[in-house]
1. Of all residues in segment 139-167, which are small (G, A, S) and farther than 17 Å from L279 by Cα?
2. With segment 214-303 as the region, which helices (runs of 4 or more DSSP H) entirely inside it contain at least 3 residues that are surrounded by fewer than 19 Cβ atoms within 10 Å (Cβ to Cβ) and aliphatic (A, V, I, L, M)?
3. Which one is surrounded by the fewest Cβ atoms within 10 Å (Cβ to Cβ) among residues in segment 24-65 that are over 19 Å from P93 (Cα atoms) and of a type in the set (V, I, T)?
4. Taking the conditions exactly as written (at negative phi, out of contact with any His (no Cβ under 8 Å at 6 or more places or on another chain) and at pLDDT 55 or above), does T2 satisfy them or not?
5. Considering each of A179, A158 in turn, give the residue that is closer than 12 Å to V233 by Cβ, without any contact (Cβ under 8 Å) to a residue 40 or more places away in the chain and not acidic (D, E).
Amino acid sequence: MTTPAPPVQARHTPSPLEPLPHQLLTALAQHRMATTSQLHTLLRPHASRQAISHPLNTLRRRQLVGYTVLARSNGARAWYLTGEGARLTRDLPALRGRPPYPITTATAASLKTPHTLTVVRTHLAFVTDARRHGDEHGPLDWTPEVSHPLGDGERLIADAVLRYTLNRGEQRTKLRAFAEIDRSTMGSERLASKLIEYARLWSCQSQPAGRRHRAQTLAGPAWLRWYPVFPRVLFVLTGASRTVLSHRISDLQAMTAQHPLVNALARQVPLGAAVLDDLELRGPSSRVWTPLLGGTPRPWTEL
């Protein structure tokens, strides 16, 4: 989807006009949890670290946020909303429709920490890359844990949906993608089977609930309720050796080649996989993505 660029410069970091404590609460409501360093990169990359830690501690004293200390991290903190913080942010316009997931204890937070913080790491790779290239991808352009019905009471829960705007001269191109973050904690076959769920979502047709609602229901694919174009699907891998991660990408390619519905999806929707370390070192716009349908590595925007 491409539209003419406006004559004003795109904003690549959050506006300082909005109070930083509000931005911190909104970011934690959106992402569930983030470290001090991650919030610093996300919201105030050019400010001092103290600019983030001071308001966080103020919010903690007001019992709106809490933290858990990360293991083997020299005291690094992962922050989350308390029940009161979640209640306070529930009606923010930017978060309307997002279910709250308050974390009431440090123990509960520690159980969610590894996966949640890895998802935030992936988001920050895209945020940093967008700033570098003058594109648009801000704190609220990454929505974790997005659920879609597949029918028969089943649901697909994407680790995240990202929205990204490429600014190239006079053109602005809007891109969307589902992001699946794999920490190598599940079997490779189970990871590859996630592609079947996306293929089912892609092929799922709208089913009117009843005669009264038939006129309001979009004909065609069910995903048109949420997206004008089916988002590309990106797998981001970490948590194992290069050899193991390479094998997992090969298994994703095998599923794409062998499963008829996944193969049909891949011929219509870009599918790719990359290693998180490469995204952080070289950026998502570098040639680090392996197309699941085959071919040489390329940027995610060219899959």
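The values are calculated or read from the model by the stated rules, or taken from the named source; none is laboratory data. Computed from a predicted model, the values in this text were never measured in an experiment. Here Cβ is always computed from backbone atoms with ideal geometry, including for glycine, and neighbour counts include all displayed protein chains.
1. Narrowing segment 139-167 to residues small (G, A, S): 147, 151, 153, 158, 160.
Once the filter is applied, which keeps residues that are small (G, A, S) and farther than 17 Å from L279 by Cα, segment 139-167 yields S147, G151, G153, A158.
2. Details: elements: 242-258, 260-266, 276-282.
Counting at least 3 such residues, we get 242-258.
3. Across segment 24-65, the extreme among qualifying residues is T58.
4. No; evaluated as a whole, the condition is false for this residue.
5. A158
Listed here are the residues, each with its yes/no results for (1) more than 21 Å from T116 (Cβ to Cβ); (2) modelled with pLDDT of 90 or more.
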{"site": "A10", "(1), (2)": "yes, no"}
{"site": "A71", "(1), (2)": "no, no"}
{"site": "N74", "(1), (2)": "no, no"}
{"site": "W79", "(1), (2)": "no, yes"}
{"site": "P93", "(1), (2)": "yes, no"}
{"site": "R96", "(1), (2)": "yes, no"}
